[in-house]
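Below you'll find the structure, written out as structure tokens, and then a few comments.
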Amino acid sequence: MNRILIPIVIIVLIGCGADVEQKSISLETDFDTTTATIGDIIHYSIHIDGLGDKFVIINEFEKPEALELRKSEISKIDDGYLSGFQFVFWDTGRFTIPSIDIIIMNVDSSVKLVMQTDPQHIIIVSSADPTMSGAMKPMKDPLPVSKPINLVIIVCLSLLIISIIGIVLLSIKYKKETLIGVPDVILPSPDEVAMEKINTIKANNEIQSDVKELYVQISYILREYVESSLFFKTLEMTTNEIQELQKLFPFSEQEMEAWITLLNRSDMIKYAKMIPESKAWLEDLSIAEKFIKSTTPYWKQVESPNA
């Protein structure tokens, strides 16, 4: 008999223990007023207790058109959750905040229980006349709305008008001014200046008698010609500097070689390191003349001498 009673007592104790662990879940709501004016902030709170390790999901609810939900938050408290709402109404009348579904979820995300709050009724009255007690305001005629002027359009039109005025003024100004015609004196081009100086050497016996001075003149004529036509500062450069920068000149290899060879020869004769053969200067003058004619098309719109 005692062996039969022991299992029965254990089963009863376990059942009682389970009942002790089972806690009841309670739901309380608090609505701070039942009458308010337009624009007042109304506080509505939902307190859920006895959840233990469970959690809560609050479903969305359908709100009246005149209702604005300003704030909604939910926070965990000792053994439950506290959800707070802030409402504002923008019209007068009698309104109902519908029931809100509260879903109690287990730890494994399964639904434990679904609870529902009671509907809350509220009367919204005019802030100007609280004695209206929610009566509808008399209808007012619609106010005429004037279309605002677009500032961007005004700025664009102003800039357009200013631009047109400026164009007209400039056209009138330039019509009154006399156009500058072709100048009476046309300066000779660099190749013409160089050829004229070479011809002067050919006709001047005094220069021909002084070989050193003659080659100084040839070197100067070629440097001046290149500087005036291509705007390289060749008059300030040594022959070695010109040779180092020969890739910057547009001339061909043969033309650069002829020019640098002539410059080197002029430097050697100038510093008495070389005595040229008799009448060799005639050939060098011819080389200088060919160099000028062959390099003219690089900077001047003329027909190539080889054409």
### Query
What translational D, rounded to a whole number of µm²/s, comes out for the stretch 25-132 from Stokes-Einstein when the hydrodynamic radius is the Kirkwood one over Cα pairs, at 25 °C and 0.890 mPa s?
164
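Starting from the Cα-Cα distance between residue 185 and residue 243, subtract it from 0.36 nm times their residue separation and give me the gain in nm to one decimal. Walk me through the numbers before you get to the answer.
Numbers: separation 58, 0.36 × 58 = 20.88 nm, distance 3.68 nm.
17.2 nm is the gain from fully extending residue 185 to residue 243.
What are the semi-axes of the equivalent ellipsoid for the stretch 187-307, taken as the square roots of 5 times the Cα gyration tensor eigenvalues, largest first, in whole Å?
After scaling each eigenvalue by five and taking roots: 23, 17, 13 Å.
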### Query
Considering the dipole of the stretch 190-298 built from charges on the beta carbon (Lys and Arg +1, Asp and Glu -1) around the Cα centre, which of 208, 278, 234 is farthest to its positive end?
278
### Task
Compute the label zone of residue 40 within the stretch 82-107: residues whose backbone N is under 17 Å from the point 7 Å along Cα-to-Cβ.
85-97
### Query
Any idea how far apart residue 293 and residue 216 come out in nm if each label point goes 7 Å out from Cα toward Cβ?
2.9
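Laboratory data are not the source of any read-out in this text; all were calculated from the coordinates shown. In this text, all values refer to a predicted model and were calculated from it rather than measured experimentally. With ideal geometry, Cβ positions are generated from the backbone for all residues, glycine too; neighbour counts draw on all protein chains shown.
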